[in-house]
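Everything on this sheet refers to the single structure shown next.
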């Protein structure tokens, strides 16, 4: 396995170092409050959020290929992780951290396997539609979970509908000052994000409320604070986890793995295309594996290539992994010299910042565009979002993958089919296949829009029979335009062979046109070519028409055949 190091850093120039270094400082100012919030989502101590933005960033900069991807804590993987780990141990407990470490190592192992077997193509199995729905569902779920934190209303349920019910029925018990500060923070972050996206409002909100909490003793006023935050560098420790618990973590690790594949590789590919750069997604898999190993060793939790944080880095001016290394250096300074101040941070402020992150995950603009362009896919996006909210994140991502694959199978199972029919001027035009059509007296040219395989061979056979039975004149020649058929499996070959024999017995000639070398090879292997005969298999449509309907091929209308 070839390993390329520092691909995301090269080439380096003095100008790029200055530009990306300044971008790293700006990114740290915007992102440090977010990684603290992600730790809250994950059920981990706040300092572990800083850990995710230290060693994992450096590891990805060394082993990854993308010049833009920011690999740190992420809301989606944090939510997936917390959903299962909270059922196995209390959040914030030492055993919870041990489970998080083992889970992170399992995810790293899956990513290494994906790199060895070059499985970067798996990112293609999560369609953009269901990914938008999934992230929107995560945003709704996280946003509702943060309402209790912002209003300081105790919420003990892990189910989103119950959380919303508890908050709405206990609003009168909310802590007024916490509600006020939360609303101010949310409004300020959203307002500045809308009009001055580079302005580090979240960082200012954290810093100012820490100062106010220290100066005015917020704890005495009834605020819930983060409390003591261990400073210094992370200390590796051997996790104490049983074999049974490790087995229970396998589905969670797979869910995190799928989300990392879907989000990280999609984001890396998107920015590489934007800047016309070459991108090796398989090298990114190795970088993501190294980042998760670093997270496990460094006392953190599962890290992911975050589209949100990557967008923040790009907005700050980042064009290489130098930005992420500078970001890690700023985090190191915070861990060594300023972590003691985090104890004064009110939970409601952290919850408000996470709430704004959750709002950004709800892709309202993308959902509107999907609804406008494809109402069917919009329904799928909503179904995925609803599954995340009402069933759970882990089940939601599995449903999202299943829906993506089923949509593809559905298109292949019921592909678009057409018949060439003459228009008012006598020019042959493709029309959706329906009984009662014919291309010319005695001739039916039929297009099938997918590969022929076991799931759609019955559809092919039944539609051909319906078209022949409903044709205005007795069909003497069936010409199959096979331009979209590149593969023919055994089941479909058997069904096609039986259909050809039956039609030949009925006096109907079966001809295949636009037969590719791949399809021709399959026809030879399954005996279909010998059954049809070489005179009935053509490379182009015009050659086939010339053989079965020479008067049409010589007419001006032939040139208009698509």
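The values are calculated or read from the model by the stated rules, or taken from the named source; none is laboratory data. None of the values given here were measured: they were computed from a predicted structure. Because the Cβ atoms are built from the backbone with ideal geometry, glycine has one as well, and the counts that use them run over all protein chains shown.
Do you know which residues across region 124-140 are in a helix (DSSP H, G or I) and farther than 19 Å from residue 84 by Cβ?
Step one: list which residues in region 124-140 are in a helix (DSSP H, G or I), which gives 124-125, 128-140.
Within region 124-140, 124, 125, 128, 129, 130, 131, 132, 133, 135, 136, 139, 140 qualify.
Suppose we keep only residues that are in a loop (DSSP other than H, G, I, E, B) and within 16 Å of residue 476 (Cβ to Cβ) within region 493-532. Which one would you say is nearest to the chain's Cα centre (by Cα)? Quick ask: steps written out before the conclusion?
Step one: list which residues in region 493-532 are in a loop (DSSP other than H, G, I, E, B), which gives 506-508, 514-516, 527.
Checking which are within 16 Å of residue 476 (Cβ to Cβ) leaves us with 506-508.
Working: 506: 51, 507: 52, 508: 49 Å.
Per the criteria, the residue is 508.
Report yes if some residue within region 419-434 is surrounded by fewer than 16 Cβ atoms within 10 Å (Cβ to Cβ) and within 26 Å of residue 528 (Cα to Cα); otherwise report no.
For region 419-434, residues surrounded by fewer than 16 Cβ atoms within 10 Å (Cβ to Cβ) and within 26 Å of residue 528 (Cα to Cα): absent.
Name every residue in region 111-145 that is more than 29 Å from residue 377 (Cβ to Cβ) and surrounded by 20 or more Cβ atoms within 10 Å (Cβ to Cβ), in order of residue number. Working first, answer last.
Our first condition is that a residue be more than 29 Å from residue 377 (Cβ to Cβ); within region 111-145, this holds for 111-113, 115-118.
Matches in region 111-145: 111, 115.
Would you check if there is a residue in region 186-205 being in contact with a helix residue (DSSP H, G or I) (Cβ under 9 Å, 6 or more places away or on another chain), in the same structural domain as residue 38 (by TED's automatic domain parsing) and farther than 30 Å from residue 263 by Cα? Let's see the steps before the verdict.
Start the filter on region 186-205 by keeping residues that are in contact with a helix residue (DSSP H, G or I) (Cβ under 9 Å, 6 or more places away or on another chain), which leaves 186, 188-193, 197-205.
Adding the requirement that they be in the same structural domain as residue 38 (by TED's automatic domain parsing) leaves 186, 188-193, 197-205.
Narrowing the set further to residues that are farther than 30 Å from residue 263 by Cα leaves none.
Checked against the condition, which is being in contact with a helix residue (DSSP H, G or I) (Cβ under 9 Å, 6 or more places away or on another chain), in the same structural domain as residue 38 (by TED's automatic domain parsing) and farther than 30 Å from residue 263 by Cα, region 186-205 yields no hits at all.
Would you confirm, using the coordinates I've provided, whether residue 16 is closer than 29 Å to residue 282 by Cβ and in a helix (DSSP H, G or I)? Spell out the reasoning first.
Details: closer than 29 Å to residue 282 by Cβ: yes; in a helix (DSSP H, G or I): yes.
Here the answer is yes, as residue 16 does meet what is asked.
It is to be established whether one or more residues within region 200-210 are within 30 Å of the chain's Cα centre (by Cα) and in a loop (DSSP other than H, G, I, E, B). Give the steps one after another, and end with the answer.
Initially, region 200-210 is screened for residues within 30 Å of the chain's Cα centre (by Cα), giving 200-203.
Narrowing further to those that are in a loop (DSSP other than H, G, I, E, B): 200.
The answer is yes; a qualifying residue exists.
Can you name every residue in region 141-170 that is farther than 25 Å from residue 384 by Cα, in contact (Cβ under 8 Å) with a residue 40 or more places away in the chain and not in a helix (DSSP H, G or I)?
Selection gives 152 alone.
I need the helices (runs of 4 or more DSSP H) fully contained in region 367-475, keeping only those with at least 3 residues that are outside the structural domain of residue 509 (by TED's automatic domain parsing). Break it down into steps so the answer makes sense when it comes.
Values: elements: 375-390, 393-413, 457-470.
Helices (runs of 4 or more DSSP H) meeting the threshold: 375-390, 393-413.
Considering only residues of region 210-221 that are touching a helix residue (DSSP H, G or I) at 6+ places or on another chain (Cβ under 7 Å) and more than 23 Å from residue 173 (Cα to Cα), which is surrounded by the most Cβ atoms within 10 Å (Cβ to Cβ)?
210
So is residue 302 closer than 30 Å to residue 87 by Cα, crowded, with 18+ Cβ neighbours inside 10 Å and in the same structural domain as residue 328 (by TED's automatic domain parsing) or not?
Against the criterion (closer than 30 Å to residue 87 by Cα, crowded, with 18+ Cβ neighbours inside 10 Å and in the same structural domain as residue 328 (by TED's automatic domain parsing)), residue 302 qualifies.
Give the residues of region 83-100 that are part of a helix (DSSP H, G or I) and surrounded by fewer than 24 Cβ atoms within 10 Å (Cβ to Cβ), sorted by residue number. Break it down into steps so the answer makes sense when it comes.
As a first pass, look at region 83-100 and keep what is part of a helix (DSSP H, G or I): 83-85, 94-100.
Matches in region 83-100: 83, 84, 94, 95, 96, 97, 98.
Which of the residues belonging to region 222-259 are buried (at least 19 other Cβ atoms within 10 Å of the Cβ), in a helix (DSSP H, G or I) and modelled with pLDDT of 90 or more?
252, 253, 256, 257
Kindly evaluate residue 181 against the criterion of being over 23 Å from residue 360 (Cα atoms), surrounded by 15 or more Cβ atoms within 10 Å (Cβ to Cβ) and in contact with a strand residue (DSSP E or B) (Cβ under 9 Å, 6 or more places away or on another chain).
On the way: over 23 Å from residue 360 (Cα atoms): no; surrounded by 15 or more Cβ atoms within 10 Å (Cβ to Cβ): yes; in contact with a strand residue (DSSP E or B) (Cβ under 9 Å, 6 or more places away or on another chain): yes.
Here the answer is no, as residue 181 does not meet what is asked.
Kindly list the number of the only condition in (1) loosely packed, with under 12 Cβ neighbours inside 10 Å; (2) more than 31 Å from the chain's Cα centre (by Cα); (3) under 19 Å from residue 86 (Cβ atoms) that fails for residue 173.
(3)
Could you count how many residues in region 433-448 are touching a strand residue (DSSP E or B) at 6+ places or on another chain (Cβ under 6 Å) and within 30 Å of residue 408 (Cβ to Cβ)? Steps first, please.
Going residue by residue through region 433-448, those that are touching a strand residue (DSSP E or B) at 6+ places or on another chain (Cβ under 6 Å) are 433, 437-439, 443-448.
This time we only want the ones that are within 30 Å of residue 408 (Cβ to Cβ), so: 433, 437, 444-448.
Looking only at that region, the number is 7.
Among the numbered criteria (1) crowded, with 18+ Cβ neighbours inside 10 Å; (2) under 16 Å from residue 548 (Cα atoms); (3) out of contact with any helix residue (DSSP H, G or I) (no Cβ under 8 Å at 6 or more places or on another chain), which one does residue 443 miss?
Every listed condition holds for residue 443 apart from (3).
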